[in-house]
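Comments concern the structure below.
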Amino acid sequence: MQALRIYAGPKALTHVREHGLMPGHVGVIPGAAGGPKGLILGPLDRFLFGDWLPQSHQPIDLVGASIGAWRMATACLHQPVQALQRLEHDYIHQHYELPEGQKRPSAAQVSDEFGRNLTAFYGGRIEEVLQHPRYRLHVLTSHGQGLLQREHPWLTPLGYAGAFLRNVIHRPAMGASLDRVVFSTHAKLPFDARDYRTRQVDLTLENFMPAVQASCSIPFVLQAVHDIPGAPKGAYWDGGITDYHLHLNYKGLVLYPHFQQSVVPGWLDKALKWRHKSTAFLDNTIVLAPNPEWVQTLPNGKLPDRSDFMTYANDLPGRIQAWTGAAQASQQLADEFAQWLQDPQVDRVRPL
């Protein structure tokens, strides 16, 4: 069974038909939010950043939210293959001890432990990310407005209820509750940000750790990160809230390793199926995603996801085994993409 499916917007499909796909053609690589689902992209990441893209010389914009921001920042480190292998290992083996009598760890406990893990992972190496000669990193976060300006035991749930209602009515209206703040190593964004209220901030040595942690801070699972240096004051949460799968109006050819075909705009759009369709924003995008039938062959018949923390609550070795099995099986995705690049048959490319 083929594991990999390749999808393309109309302009990207024309490009492949006329020119194939070479590493020098790629201008943007996005990294979606999605928690453990991102584990199946590890082999593709290691192939792209370790073998394929080093054959070219052009600047490439890496855009990430949540685990996608962690993946894209890691790709900017020296020896990216080893760094990405460590990310996979550390993510699979993360564990939060449950206090006696509790069914799940507190948001404070998860935030503290995650912050320590980030410090251990990037400590002494942030300059490698900021000064990469080719890769320009853009970390997306969701910045609170109104009731969400500061995290609060009961105002925050009300604020998110308001954000949900605004989003159902009109996605840009959610900007009254949460705006998009992008921490960047480069002055120009690789997408037109007029679709949603957006501010851009320089990514620096001082704000790298809080920006990446904020981009990964799922509301109510982790605590918000407040008052990031150099950025507007207030509370910052997971970048996936505003930009779940980075459905953005990109500039240049986009190569998108993703864990599904649909590129869902925001986390609050998950239940809004009419927003899961492709738009003109993705005309220049090539999506690499797993075959849904192949996904059913993975442990538990699905992608790893956050529900596994509850399923394997008292069985850490069981979760590690399941997630490791899925990550190892995903080598097939990278192998099939490498084979396709040798002979990029257009008939294998499906409309996005």
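Since every read-out is calculated from the coordinates, none of them should be taken as a lab result. The structure presented is a predicted model; accordingly, all values stated were derived computationally and were not measured. Heads up, the Cβs are rebuilt from the backbone with ideal geometry, glycines too, and the neighbour counts pull from every protein chain shown.
Of everything in segment 199-218 that's closer than 20 Å to Ala176 by Cα and surrounded by fewer than 23 Cβ atoms within 10 Å (Cβ to Cβ), which residue is nearest to the chain's Cα centre (by Cα)? Out of the qualifying residues, it is Ile218. Within segment 315-327, the set of residues being closer than 21 Å to Gly101 by Cα and either touching a Gly at 6+ places or on another chain (Cβ under 7 Å) or free of Cβ contacts under 8 Å to residues at least 24 places away in the same chain (or both) comprises just one member, Asp315.
For segment 161-170, taking the residues that are touching a residue at least 40 places away in the same chain (Cβ under 8 Å) and surrounded by fewer than 19 Cβ atoms within 10 Å (Cβ to Cβ), the one that is farthest from Gly146 (Cα to Cα) is identified as Val168. Filtered by the rule that a residue be closer than 14 Å to Leu203 by Cβ and in contact with a strand residue (DSSP E or B) (Cβ under 9 Å, 6 or more places away or on another chain), segment 100-131 gives Val129, Leu130. Scanning segment 59-94 for residues that are surrounded by fewer than 19 Cβ atoms within 10 Å (Cβ to Cβ) and either among the polar types (S, T, N, Q) or in contact with an Asp or Glu (Cβ under 9 Å, 6 or more places away or on another chain) (or both) gives His78, Gln79, Val81, Gln82, Gln85, Gln94.
Quick check on segment 273-321: of everything there that is basic (Lys, Arg) and surrounded by 17 or more Cβ atoms within 10 Å (Cβ to Cβ), which residue is nearest to Gln339 (Cα to Cα)? Walk me through how you get there before you give the answer.
Pass one, segment 273-321, residues basic (Lys, Arg): 273, 275, 277, 302, 306, 319.
Within this subset, residues satisfying the condition of being surrounded by 17 or more Cβ atoms within 10 Å (Cβ to Cβ) are 275, 319.
Numbers: Arg275: 33, Arg319: 31 Å.
So the residue we want is Arg319.
Would you mind stating whether Tyr244 is within 20 Å of the chain's Cα centre (by Cα), part of a strand (DSSP E or B) and of a type outside the set (A, V, I, L, M)? Criteria not met by Tyr244. Those strands (runs of 3 or more DSSP E) of segment 123-237 in which at least 3 residues are in contact with a Lys or Arg (Cβ under 7 Å, 6 or more places away or on another chain), considering only elements entirely within it, cover 178-184. Flag not set for Leu268, criterion: at positive phi, outside any strand (DSSP E or B) and buried (at least 19 other Cβ atoms within 10 Å of the Cβ).
Before we move on, is Leu148 surrounded by 20 or more Cβ atoms within 10 Å (Cβ to Cβ), touching a residue at least 60 places away in the same chain (Cβ under 8 Å) and of a type in the set (A, V, I, L, M)? The answer is yes for Leu148.
Scanning segment 155-212 for residues that are small (Gly, Ala, Ser) and closer than 30 Å to Tyr135 by Cα yields Gly175, Ser184, Ala187, Ala193, Ala211. Restricting attention to segment 109-117, does a residue exist that is more than 19 Å from the chain's Cα centre (by Cα), in a loop (DSSP other than H, G, I, E, B), surrounded by fewer than 22 Cβ atoms within 10 Å (Cβ to Cβ) and not hydrophobic (A, V, I, L, M, F, W, C)? Looking through segment 109-117, none of the residues is more than 19 Å from the chain's Cα centre (by Cα), in a loop (DSSP other than H, G, I, E, B), surrounded by fewer than 22 Cβ atoms within 10 Å (Cβ to Cβ) and not hydrophobic (A, V, I, L, M, F, W, C).
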